[in-house]
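S.K.: Quick one: this structure, given as structure tokens, is what I'll be asking you about.
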Amino acid sequence: MTSLLLHNIVKCFDQTETIHQVNLDIQSGEFIVLVGPSGCGKSTILRMIAGLEEVTSGTIQIGDKDITHLPASKRGIAMVFQSYALYPHMTVKENFSFGLKNMKCSSSFIEQQIQYAADTLQLGEFLDRLPAQLSGGQRQRVAIGRAIVRDPEIFLFDEPLSNLDADLRVQMRHELSKLHKQLKTTMLYVTHDQTEAMTMADRIVIVDQGNIVQVGAPLELYNHPDNLFTASFIGSPKINLLPGKIKSVKNDQLVVNLFEQQDVSINLPAKDLKEGDEVTLGIRPEHLYQNSQGSDLSFNLQLSAVESLGDATYIYAKIFDKLDFRVKLQGQQTFDSIQHLSVYIAPSKLLLFDAEGKAIR
Ligand SMILES: Nc1ncnc2c1ncn2[C@@H]1O[C@H](COP(=O)(O)OP(=O)(O)OP(=O)(O)O)[C@@H](O)[C@H]1O
Ligand SMILES: [Mg+2]
């Protein structure tokens, strides 16, 4: 059993509470990705699990075992850092074996583990090199190998790919996913990069200011964000958020008046909503089209800038003369000397949030 349970975890640095009552239940063998803006507490959560940082209160459990106060070396957890943290004066082989020697493992076991890590990560031909004689991607593989040789019950990764260039990141992303399939070990992975989160995770954990705001499968978070924070964190370009007020509530038909300019009718359960309540409408840039596709809901935009990416065209515009609005169209489109544009959306694609930022659905 290598499930991992965080129960009411709180962390204070000096007098400041940085992590607030975090609860997380990770199943054995899951690949969990923690995402959130800089400073939200991702590394702190990982470091507490690794035992590199004391928890202020709460408990951490692996399987049935309470490890809250166990020293880092006794937890069966290996952590891989963004900075690789390799020993520069040791060869790849020595980097692999160093920890095992400290743990007084037999030399035959150490040899076997080195071979296993080298095979798994295709590092066989580099075993006698120093880290300085390796590329960034190879160094990162050594850092992962150093975790693998310990045969941990749980892997923790803190932004392991953020020093690599775009191509290498994609390649390493695939290698890590493959590694997870092969080892079937529980993995917790921290990143800023939502592509990594979307493509690698069984479940994504969204962290905002020391709180977990939503946990779910990648597409669940994209399609059904619970709150404004998740909606604006997942999805690129960022979701458009327009302020409005409930104009009328009739059975499951809400009419929202946007920015005192345009009425939009949405098919959603009214629940506690009433006339005059403030709401926010969410419109994903990629759900907008230039032709109506059978929808009669459209928005008039003033173009500010157009970016052609080859496979897609990003339009930066203003709506209601004032608010920023983004549109992502498929393929190559030209907008020379066009200043105004209408875009359509299927009403079923609209997202609505109440005054507290909670999704209405
Ligand atoms: N040792 C420390 N002493 C005091 N404050 C700390 C300490 N370590 C972290 N913090 C604070 O705790 C908060 C969370 O930091 P943390 O490093 O966990 O963020 P993060 O989400 O990993 O950010 P990033 O994405 O930039 O790595 C920050 O405000 C940080 O300044
Ligand atoms: Mg960090």
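Please treat every number below as a calculation from the coordinates, not as lab data. These numbers come from a predicted model, not from an experiment. Methodologically, a virtual Cβ is constructed for each residue, glycine included, from the backbone with ideal geometry; neighbour enumeration extends over all protein chains shown.
S.K.: Can you give me the C-alpha center-to-center distance between the range 177-211 and the range 90-150, rounded to a whole angstrom?
M.R.: 24
S.K.: With θ set to phi - 60°, apply the Karplus curve 6.51 cos²θ - 1.76 cosθ + 1.60 along the range 56-69 and write out the HN-Hα couplings as whole Hz, x wherever there is a Gly or Pro.
M.R.: These are the phi-based 3J(HN,Hα) values: 7, 7, x, 10, 10, 10, 10, x, 8, 9, 7, 10, 3, 10 Hz.
S.K.: Please report the relative contact order for the range 103-200, taking Cα pairs under 8 Å with a sequence separation of at least 6, and give it as a percent rounded to a whole number. Provide the component values of the computation, followed by the final result.
M.R.: Values: 61 pairs, mean separation 26.1, N = 98.
With pairs under 8 Å counted, the relative contact order is 27 percent.
S.K.: At a threshold of 8 angstrom on Cα-Cα distance, excluding pairs fewer than six apart, so keeping six or more, what relative contact order does the chain reach in percent?
M.R.: 15
S.K.: Same structure again: If we count every other residue with Cβ under 13 angstrom of ILE114's Cβ, Lys/Arg +1 and Asp/Glu -1, where does the sum land?
M.R.: -1
S.K.: Considering the alpha-carbon set of the chain alone, what are its Rg and its Dmax in angstrom?
M.R.: Computed over the Cα atoms of the chain, radius of gyration and Dmax are 24.6, 75 Å.
S.K.: From the residues SER177, ALA147, ALA231, which one has its Cα farthest along the dipole of the chain in the positive direction, the dipole being from +1 and -1 charges on Cβ of Lys/Arg and Asp/Glu about the Cα centre?
M.R.: Farthest towards the positive end: ALA147.
S.K.: Hey, what do the phi angles of the range 100-117 turn into as Karplus ³J(HN,Hα) couplings, whole Hz, using 6.51/-1.76/1.60 and θ = phi - 60°, x for Gly and Pro?
M.R.: 5, 4, 4, 7, 6, 6, 5, 5, 5, 5, 4, 4, 5, 5, 4, 4, 4, 5
S.K.: List the relative contact order of the range 164-282 as a percent without decimals, with contacts defined as Cα pairs under 8 Å and 6+ residues apart. Show your work: numbers first, answer last.
M.R.: On the way: 149 pairs, mean separation 18.1, N = 119.
With pairs under 8 Å counted, the relative contact order is 15 percent.
S.K.: Within 12 Å, Cβ to Cβ, of ARG173, how many net charges do the neighbouring residues add up to if Lys/Arg are +1 and Asp/Glu are -1?
M.R.: On the way: positive: ARG169, LYS178; negative: ASP167, GLU175, ASP193, GLU196.
Every neighbour counted, the sum reads -2.
S.K.: Separate question: What number comes out for the charge environment of LYS245, summing +1 per Lys or Arg and -1 per Asp or Glu over other residues with Cβ under 13 Å away? Write out the running numbers ahead of the final one.
M.R.: Details: positive: LYS247, LYS274; negative: GLU260, ASP263, GLU275, ASP277, GLU278, ASP354.
Around LYS245, the surrounding residues sum to -4.
S.K.: What FRET efficiency would be calculated for the residue pair GLU356, ASP64, taking the C-beta separation as r and a Förster radius of 35 Å, to the nearest 0.05? Don't skip to the answer; put the middle values down first.
M.R.: Details: r = 38 Å, r/R0 = 1.07.
The value I calculate is 0.40.
S.K.: Tabulate in residue order the Karplus-calculated ³J(HN,Hα) for the range 335-352, using 6.51 cos²θ - 1.76 cosθ + 1.60 with θ = phi - 60°, rounded to whole Hz; enter x for Gly and Pro.
M.R.: 10, 4, 6, 8, 10, 10, 8, 9, 10, 10, 9, 6, x, 5, 8, 6, 10, 10
S.K.: Run the dipole for the chain about the Cα centre, Lys and Arg Cβ at +1, Asp and Glu Cβ at -1, nothing else charged, and hand back the magnitude in debye, nearest 20.
M.R.: Here the size comes out at about 600 debye.
S.K.: Which whole-angstrom value gives the distance between the alpha carbon centres of the range 1-71 and the range 224-295?
M.R.: Comparing the Cα centres of the range 1-71 and the range 224-295, I get a distance of 35 Å.
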